[in-house]
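Heads up, the thing below is written out as structure tokens.
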2 protein chains.
Amino acid sequence: MKIKVDTLKGFVKDVFVKLGVPEEDAGITADVLVASDRRGIPSHGVARLKRYVDGIKKGIMKPKAEIKIIKETPTTLLVSGGDGLGQPVSYRTMKLVIEKAKKNNVAFAAVRNSNHYGIAGYYAMMALKENLIGISMTNSAPLVVPTHGKDAVIGTNPISIAVPAGEEKPFVLDMATSTVPRGKLEVYNRRGKKIPLVWATDENGIPTDDPGRVLENLLERKGGGLLPLGGAEEETGGHKGYGLSVAVDILSGVLSGGAYGPLLYGKKGEPPNVCHFFGAINIEAFIPLDEFKKLMDDYIRILKGSTLAKGKTRIWIHGEKEFEAEEKYREEVEIEEKVVETMREIGKELGVEVPF
Amino acid sequence: MKIKVDTLKGFVKDVFVKLGVPEEDAGITADVLVASDRRGIPSHGVARLKRYVDGIKKGIMKPKAEIKIIKETPTTLLVSGGDGLGQPVSYRTMKLVIEKAKKNNVAFAAVRNSNHYGIAGYYAMMALKENLIGISMTNSAPLVVPTHGKDAVIGTNPISIAVPAGEEKPFVLDMATSTVPRGKLEVYNRRGKKIPLVWATDENGIPTDDPGRVLENLLERKGGGLLPLGGAEEETGGHKGYGLSVAVDILSGVLSGGAYGPLLYGKKGEPPNVCHFFGAINIEAFIPLDEFKKLMDDYIRILKGSTLAKGKTRIWIHGEKEFEAEEKYREEVEIEEKVVETMREIGKELGVEVPF
């Protein structure tokens, strides 16, 4: 059903406040979740609210987390999220990174003891308003197998980079380093569709077209899992996706002194120690902003105007689809009936008024 | 044939000196090229010497290039390579980046008006000796098609990141953002082998298994080209490899105010204006180096010790194969007979003594 953006944000915020999350943190988290729905990425939107609610109830996420700057220099930050929600610590850290980059041209932050932070692109895009290049990455639950490996010991570890343009929309890459995220298998499974052989492996580590089998194996830790970008073999470049995933984990989980690989979600009922990495680069330290934006426009137009392959209708720039969705869902977002139902149940259970 | 490392380096250096390259620059370039052969990447080693020699002769690469720092801050550098060889300007810029990162914890440099710089990993790995994380990327000749596009308008634009470990070998990711580089198609073509359908497209932009056809089309600019990591379709993640390629180009070609996409090698006989991007991050700004190295060792051992998929014999860490090759070729490298022959011809033509 269609729900007004402000109504949806208000409800999600109320839920978090009811669970003991401070008002400002609840507002940030609601904004990140609804932004995902608005950008046409429902897998990371309010469909996840139940998981957050459960996480807080189980004590895996602390509603009143103490965000602590452990170490700081003019260009770097090491932050602990205090096992709270991933969104508030990520938002606040990226704000600080942007301030530092404005003063010192480059800045990076590693965050540990956090939780799922939503879409990586949200934080990278915060840099756009300040005309900086923004970078955001995070490690995540071990769902992906390394090349030649049978067990899921690495995450889907996404990378986002946001770059301002002039008249064109900004370039916003926001990609999991696996071929697809788990949610994609769930969609195919619900529809009874087979999956391409570069998406996942079975319990023996062999590529499979059966999404249900992969999802069940992952739940029961029977072996197999999602494949890195490039698939199962070096011949198709699978070791590259695997390497990108590990690189993200090193910058997030190792550099922060947090958790990495299978150590995330190590013990049942304990906080997963999700880790993030944020960065910003000041364009004007290199060339004048106006010139940069002109070149970006030119490059984007070259790509978009380039000759189409037979049977194809459009060449996309990264972020373009999401900006179009954002335009479409400016006032109202389209939320799946099942997700609406779950939200109504959450509201009822917590005694939070459901305005839809 | 087997050639002593020092003998080979000496010859390559002599060739460049004979062509008017200053002694130090010639030495750096020889070292980068031979390092590639030693690391088991012959496609980027002395097999390329002829192209460099021709480039200098044709005036595409200037032997005595003026390397100029155009703009500098404590954390950033904008450098012009003066249309000289890519290796000396890259080596010198990475040296400066390392110095800056040691002082200010993070530093980045964009380089324009350069040429082919050899293996990306060489410069990222320079940071390892200083216990920093090193980053290196470059744009390159337009050989890759964007997702849904027919024409090769983006480069194989490689990314390298090098991270020190403790007792384990460093993690060194060094990957083209296309599924494979052009050299791989040349190998399959020579052997009369078909290529996987995620490697390249034909003149209509349709995936093909015929490497000869792709190579010919690329030479004659008839359409088609290499595919981004992930293949031709969004379903297999091709838009991610495409996005990574563009991101590298933005950081290298746009941020430096240089050339990008099809503008590289825009006019015949003119310098291609290849652009690079270098970075270094000081680990100790985040956590103590000892702790970081212990965590790296732990992570690497978890990955290497993880259960194998059926039929597989080993899980590799990025850079491991290359370090093993380096060990094997410590004293002598194995150079293809055809490449040796070409080097002998170069020596004869230039009047440089050939010691093999």
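What average count of beta carbons from other chains do you get within 10 Å of the Cβ of residues in A:232-238?
Numbers: counts 2, 2, 2, 7, 10, 16, 2.
Mean shielding by partner chains, rounded to a whole number: 6.
If each DSSP helix of 4+ residues adds -39,500 (n - 2.57) and the sum is divided by the residues in chain A, what number results at 222 nm, nearest 500 deg cm²/dmol? Using -39500 (n - 2.57) per qualifying helix, the result is -12000 deg cm²/dmol. Counting Cβ atoms of other protein chains within 10 Å of each residue's Cβ and taking the mean over peptide A:312-325 gives 3. Put a plus charge on the Cβ of each Lys and Arg, a minus charge on the Cβ of each Asp and Glu, and nothing anywhere else: the dipole of chain A about its Cα centre is then about 360 debye.
For each pair in A:Lys321/B:Lys184; A:Lys50/A:Lys240; A:Lys103/B:Lys293; A:Lys9/A:Lys169; A:Lys2/A:Lys58; B:Lys95/B:Lys293, compute the distance between the two Cα atoms and list the pairs where it is over 28 Å.
A:Lys321/B:Lys184; A:Lys50/A:Lys240; A:Lys103/B:Lys293; A:Lys2/A:Lys58
Taking a ≥ b ≥ c as the square roots of the Cα gyration tensor eigenvalues, chain B comes out rounded, since a/c falls below 1.5.
Using alpha-carbon positions, what is the distance between the centroids of the range A:118-174 and the range A:178-248, in Å? Taking the Cα centre of the range A:178-248 as reference, the centre of the range A:118-174 is 19 Å away.
With R₀ set to 60 Å, the beta-carbon distance separating B:Leu350 from A:Ile206 gives a calculated FRET efficiency near 0.65. Which shape class applies to the range A:1-156: rounded if a/c is under 1.5, otherwise prolate when a/b exceeds b/c and oblate if not, where a ≥ b ≥ c are the square roots of the Cα gyration tensor eigenvalues? Since a/c stays below 1.5, the shape of the range A:1-156 is classed as rounded. Select from A:Leu132, A:Leu308, A:Leu33 the residue whose mean-square fluctuation is largest in a Gaussian network model of chain A (Cα-Cα springs shorter than 10 Å). Maximum fluctuation in the GNM of chain A, among the listed residues, is at A:Leu308. Springs between Cα atoms under 10 Å define the GNM used for chain A, and in it the highest mean-square fluctuation of A:Lys68, A:Lys193, A:Lys310 occurs at A:Lys310.
Of the peptides B:166-175, B:325-334, A:115-124, the ranking by mean beta-carbon count within 10 Å, highest at the top, reads A:115-124, B:166-175, B:325-334. Would the range A:251-351 count as rounded, prolate or oblate if I go by the C-alpha gyration tensor, calling it rounded below 1.5 in a/c and otherwise prolate when a/b exceeds b/c, oblate otherwise? Taking the square roots of the gyration eigenvalues as a ≥ b ≥ c, the range A:251-351 is oblate. The ranking of B:Arg182, B:Arg213, A:Arg190 by Cβ neighbour count inside 10 Å, starting from the fewest, reads A:Arg190, B:Arg213, B:Arg182. Counts of other chain beta carbons within 10 angstrom of each beta carbon in peptide A:275-282 average 2.
Just so you know, all these numbers are worked out from the coordinates, no wet-lab data involved. The structure displayed is predicted, hence computed values, not measured ones. Note: ideal-geometry Cβ built from the backbone for every residue, glycine included; neighbour counts use all protein chains shown.
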